[in-house]
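Have a look at the structure below before the remarks.
The values are calculated or read from the model by the stated rules, or taken from the named source; none is laboratory data. From a predicted model like this one, the values you see are computed outputs, not experimental measurements. Every residue, glycine as well, gets a Cβ built from its backbone with ideal geometry; the counts of neighbours run over all protein chains shown.
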Amino acid sequence: MRLIKRNERHMNVATRGFYRCAMVSKYFTFLAFILFSVIPAQAALSPEGKPNQGDSYLQYKDYNCIVCHKEMEDESLTPPVDKWMKSVHREVGVRCADCHGGNPADEDMAMDEEAGFKGAPEPKDIPALCAKCHSDAKLMRSYNQRADQYMLYSGSVHGRRLEAGNENAPSCVSCHGAHRILRIKDPDSSVSRRAIPVTCGNCHSKQKIFEKIGKPWNQLSLYKKSKHYKLFAEGDLLTPTCVDCHGNHSILPATSERTRTVCFNCHSQQAEYYKASPHWKIYKKEGEPICLDCHNSHDILHPTADKFTGDEDNDCAGCHDEGSDAYTSAKKIQRSVNLATALVKRADMLLTGFKEGAHGGFEISGLEERLLKVEDNLKELLALTHKININEVSITSKNIVKAAQGITAEVESMLSELKVRRLGLVIGWVVFLGFTVVLWQKSKSLEWRD
């Protein structure tokens, strides 16, 4: 009995302990609920107990420019603040007075000329205004930005035209915007990689402006027909756009040597062969022919061997009369290229068709590697045509033809073997079915006798 009572006493103590723990747990749970309910509410309050404005303009209540323009709700005066609120300048602390002057802390002095108020700057003054910060190497270093844009722009076509008083010449804000200035990597930026053609085209498609200075205005429409734009529109953002050929701040005239030879930067193999050709020697003396004389500048299409005998101005016939030695050489190069191209295409078509139709049973990885090598050699041949050396083109073409014919012969041999295999399979099935029928008839005759 004593043992039972002792056990009951221990159980009561344990029960009371468990009950106390449960009460404490509930107490802390309730306390945590209160705390986590109050803390977010407090976080949403400013030190004065007012709602935290976050990205609201009210956080700039002591900055009269922002508050005044925002509360005006004016169609022309309020949007600049709305745009600035979304800009990278706001993020890094650049505010109205940094560009427009004035004293934003004093409502009476906010637009006072004695406080340095400038208002909206004249277009010709904008580059120097932006350069106040963007030419400060020490300041720009803290943002990992270049500090030579103003110097480059000043020597560019755009900068020189603006300096000369051309009111249509673009300044910094023409491309980057005036108030909603975004980072280059921001996809919504007017100077993001994807937006460049449209941004440049906004000005360069204005017919009235460019007619006055005797310049074309169809660059964007031509570019959209090109091989470059096709790749660009498909998402290949490494494909050249306006700034890759013309530059971004240091835009030089289209007639400058840097612009005319800019193709060399990407097409280095073609450039190497071109510099070993008669064309290069003539170019150094007369300034032509260069890449764009044959391939155009904006509407660059995928070239074919038809250019060697075509009748367009940018084909060989545009410079060389039919029957001339140069034209005869072009025809020979064309024949070599066409033969090699046709045989490589045939080898590729046969091997691809065989791979899809054979459904295994043949080792073709070696042939696929050989075909890839031949296709690379064909690209080399097309680049080699820029050297205008018939002997080298002929030798390279013959090697490609030989390799392509070898691949074709092996594929045709495998096709013949595949036919034999399939014929053997058909014969095997016929024999099997015939033997099955004979056995079936034999079994039936035995059943009839029984």
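Values computed for the structure shown
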read-out	value
Filter result for the condition that a residue is assigned to a loop (DSSP other than H, G, I, E, B) and either closer than 26 Å to THR78 by Cα or under 24 Å from the mean Cα position of the chain (by Cα) (or both), over SER174, SER189	SER189
Enumerated helices (runs of 4 or more DSSP H) restricted to region 124-170, each holding at least 2 residues that are in contact with a strand residue (DSSP E or B) (Cβ under 9 Å, 6 or more places away or on another chain) and polar (S, T, N, Q)	none
Test for MET111: is it surrounded by 17 or more Cβ atoms within 10 Å (Cβ to Cβ), over 18 Å from VAL243 (Cα atoms) and either among the aromatic types (Phe, Trp, Tyr) or out of contact with any helix residue (DSSP H, G or I) (no Cβ under 6 Å at 6 or more places or on another chain) (or both)	yes
Options HIS179, HIS158: the member that is buried (at least 18 other Cβ atoms within 10 Å of the Cβ) and over 25 Å from TRP84 (Cα atoms)	HIS158
Complete set of residues in region 321-336 that are aromatic (Phe, Trp, Tyr) and in a loop (DSSP other than H, G, I, E, B)	none
Unique residue being buried (at least 16 other Cβ atoms within 10 Å of the Cβ) and modelled with pLDDT under 95 when the list is GLY201, GLY214, GLY247	GLY247
Of all residues in region 73-108 being in a loop (DSSP other than H, G, I, E, B), within 39 Å of the chain's Cα centre (by Cα) and in contact (Cβ under 8 Å) with a residue 24 or more places away in the chain, the one that is surrounded by the most Cβ atoms within 10 Å (Cβ to Cβ)	SER87
Residue in region 275-290 that is in contact (Cβ under 8 Å) with a residue 12 or more places away in the chain and either closer than 30 Å to THR199 by Cβ or under 18 Å from the mean Cα position of the chain (by Cα) (or both) present	yes
Region 347-373 residues that are outside the structural domain of VAL420 (by TED's automatic domain parsing) and closer than 19 Å to ARG421 by Cα, paired with ones that are modelled with pLDDT of 90 or more and surrounded by 12 or more Cβ atoms within 10 Å (Cβ to Cβ) (beta carbon under 7 Å, 6 or more apart)	none
Every pair of residues 6+ apart whose Cβ atoms lie under 9 Å, when the first sits in region 429-444 and is touching a residue at least 24 places away in the same chain (Cβ under 8 Å) while the second is of a type in the set (A, V, I, L, M, F, W, C) and not in a helix (DSSP H, G or I)	none
Restricting region 86-121 to residues that are charged (D, E, K, R) and at pLDDT 90 or above, the residue that is farthest from SER142 (Cα to Cα)	LYS86
Residues of region 294-322 satisfying the condition of being without any contact (Cβ under 8 Å) to a residue 24 or more places away in the chain, farther than 18 Å from LYS225 by Cβ and buried (at least 17 other Cβ atoms within 10 Å of the Cβ)	CYS316, ALA317
Residue within region 196-211 that is farther than 30 Å from GLY93 by Cα and among the hydroxyl-bearing types (Ser, Thr, Tyr) present	yes
Boolean, ASP311 is in a helix (DSSP H, G or I), acidic (Asp, Glu), under 36 Å from the mean Cα position of the chain (by Cα) and closer than 30 Å to THR261 by Cβ	no
